Structure formats: structure tokens, C-alpha cells
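The values are calculated or read from the model by the stated rules, or taken from the named source; none is laboratory data. These numbers were taken from a predicted model, which means no experiment stands behind them. Heads up, the Cβs are rebuilt from the backbone with ideal geometry, glycines too, and the neighbour counts pull from every protein chain shown. Note: accessible area is taken over every heavy atom of the protein model, side chains too, but ligands, DNA and RNA are not part of it. Shrake-Rupley method; radii C 1.70, N 1.55, O 1.52, S 1.80 Å.
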Amino acid sequence: MPFGEQPAYLRVAGDLRRKIADGTLPPRTRLPSQARIRAEYGVSDTVALEARKVLMAEGLVEGRSGSGTYVRERPVPRRVIRTGYRPSGGSGPFRQEQADESVNGTWEARSEQEDASPAIAERLGIKAGERVMRTRYLFRVDGEPSMLSTSWEPLAITGRTPVMLPEEGPLGGRGVVERMAGVDLVVDNVVEEVGARPGLAEEMIELGGVPGHTVLVIERTYRAGRRPVETADVVVPADRYRMVYHLPVR
């Protein structure tokens with residue numbers, strides 16, 4: 001679509017976006033007021049408001065109660081490496097995924113039993129309502145929230161074994177591959193499906209972001225042969241992280 005045929009609010013938003021990108025409007029600078037946008041671009045109040053909404057939806061600016069709208073600090077995205085299983089040598093799976101060896105990665109976890117929903121049951125190849133262990137993780141990098149993960153494991157596999165709780169017992173925190181080996185299951189493949197969606201309010205509160213901003217969602221399933229042994233949803237802020245996949249060449 002030629003520039004002149006764009007809706008007016010997109011033309012205004014595009015010009016403001018360029019000013020943010022080239023530093024004319026640097027981080028922490030107050031965005032021009034609605035009245036100033038109206039006067040500078042010769043548009044209506046409605047167009048000025050819609051242009052500001054576009055920039056907010058894109059995560060370029062943020063509103064501050066009683067103060068106005070300001071250009072957001074743009075973080076330099078960190079890389080999270082996805083390479084599949086590697087012998088740990090004493091480090092856990094999350095630590096292995098940090099691209100920068102100087103990064104200090106930590107996590108909090110909470111596990112509880114529940115009935116498998118139809119969607120989770122399908123992913124695990126079990127019947128809806130069968131008992132699973134759900135574990136929610138909040139991962140931090142250098143003290144800052146970096147990703148959320150919710151995993152589900154069939155209690156038909158892990159129940160009443162030393163690995164029933166992913167973060168407790170002799171293999172606590174060692175990851176799915178090592179833990180499943182503890183119950184004589186050899187995990188030999190993992191599938192990850194990556195998508196994107198707006199972040200839910202409760203997710204963004206934990207991740208320190210703004211509800212509605214884009215998150216990457218990795219739907220991951222570990223299998224021993226054809227048998228799923230764990231499935232998880234990993235949620236990562238798209239503006240702060242890049243997922244990097246190292247794929248072996250056969």
C-alpha cells in the first residue's frame with residue numbers, strides 16, 4: 001500500500017516510531033501530548049489517540065499515571081540456546097541454556113498434583129482426568145525474571161518413585177532426561193513448537209512486563225520412543241529474549 005493511502009493514525013505512528021528508532025525521541029523522553037500531535041500532524045484527536053495506542057501496543061512507549069506517556073527503554077535481547085540434551089557435567093538444564101557463561105541463572109519452582117485437562121492429556125497420550133504432576137517455574141537471569149514454564153508429568157510414570165517431584169529427591173533439578181533414566185525410561189527425542197501471542201496479565205506481572213505485549217510460547221514434549229513423559233509450556237518475553245536453535249546435521 002502506498003504511503004499516502006495509509007490510514008492517518010498509521011502515518012503518525014510510523015513517523016513517531018522512526019523518531020524513537022533514530023534517537024530523536026530517546027528512552028525516558030515524554031511522548032508529544034495528544035494536543036501537540038494533533039497540531040504537528042494536522043490530525044484529529046481521534047487519530048492522535050489511535051497513533052499513541054499503536055505505539056503502546058508495540059511496546060515502544062508506556063503510560064505513567066498522572067505524568068504522561070514515555071518512550072520505553074529498549075533492552076538488548078539476550079540469547080537462549082536450544083540444543084536438546086547434553087551431558088550436564090554438574091549443571092542443570094536451565095544453566096546449560098544460558099548463552100553467556102557469566103550469567104547467573106536461578107529459578108523458583110512449585111509442584112502440585114492435578115487432573116489432566118483434555119488438552120494436556122492429548123499431549124501426554126493419556127486420558128483426560130488422569131493424575132499428573134504440574135510444576136510451575138519462574139526463571140531469573142541476574143535476578144531479573146526471564147521466563148515462565150509449566151510442566152506436566154503423568155503420575156502413572158513417576159508416582160511413588162524418587163523422581164515424582166521434579167525439584168526434590170536424589171535427581172531433583174537434574175532435568176527430564178536424567179530423571180526419567182532414574183525410572184528406566186530412555187528419553188530419545190523432544191519436540192518444540194514455537195508460537196507467539198499477547199502475554200496474559202498474570203504472566204506479565206511475574207515477568208515484569210506489560211499485559212498484552214508479545215511473548216514467545218514454546219510447547220515442548222519429551223518422549224521415550226513414542227511415549228510422552230513430560231510436556232511443558234515455556235513463556236518468554238519476545239522483546240528481551242531470542243531463541244537460538246542449534247540443530248545437528250545428520
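Some observations on this one:
- The stretch between GLU114 and GLU219 holds 35.9 nm of extra length on full extension. This uses 0.36 nm per residue minus the Cα-Cα distance.
- Among VAL12, VAL132, VAL229: highest mean-square fluctuation, GNM of the chain, C-alpha pairs under 10 Å: VAL12
- Solvent exposure of the chain, expressed per residue, is 55 Å² of accessible area, with all protein chains present and a 1.4 angstrom probe.
- Nonlocal amide H pairs with GLU130, under 5 Å, H built at 1.01 Å: ALA116
- Local net charge near TYR241, Cβ-Cβ under 10 Å (Lys/Arg +1, Asp/Glu -1): +3
- Residue among THR106, THR214, THR24 with the largest mean-square fluctuation in a Gaussian network model of the chain, springs linking Cα atoms under 10 Å: THR24
- Scattering curve values for region 118-250, log₁₀ I(q)/I(0), Debye with Cα scatterers, q = 0.17, 0.21 Å⁻¹: -1.00, -1.28
- Counting every C-alpha pair in region 209-250, the share spaced more than 16 angstrom apart comes to 57%.
- When both region 41-81 and region 162-192 are represented by their alpha-carbon centers, they are found 43 Å apart.
- Selection from ALA181, GLY42, ALA13 lying farthest towards where the dipole of the chain points positive, charges on Cβ: GLY42
- Rg to Rh quotient for the chain, alpha carbon positions, Kirkwood Rh: 1.09
- Counting all C-alpha pairs of region 1-77, share separated by more than 18 Å (%): 37 percent
- Start at zero, step by 5 Å, and the Cα-Cα distances of region 150-213 spread as 4, 15, 19, 16, 11, 13, 14, 8, 1 percent across the bins.
- Neighbourhood net charge (10 Å Cβ-Cβ; Lys/Arg +1, Asp/Glu -1) for THR214: -1
- GLY42 sits among other residues whose Cβ lies under 13 Å from its own Cβ, and their net charge, with Lys and Arg +1 and Asp and Glu -1, is 0.
- Check: the chain dipole with +1 on Lys, Arg Cβ and -1 on Asp, Glu Cβ, in debye: 560 debye
- Carbon plus sulfur fraction of accessible area for the chain, probe 1.4 Å, in percent: 51 percent
- When the chain is treated as a Gaussian network with alpha carbon springs shorter than 10 Å, the biggest mean-square fluctuation among SER111, SER151, SER33 belongs to SER33.
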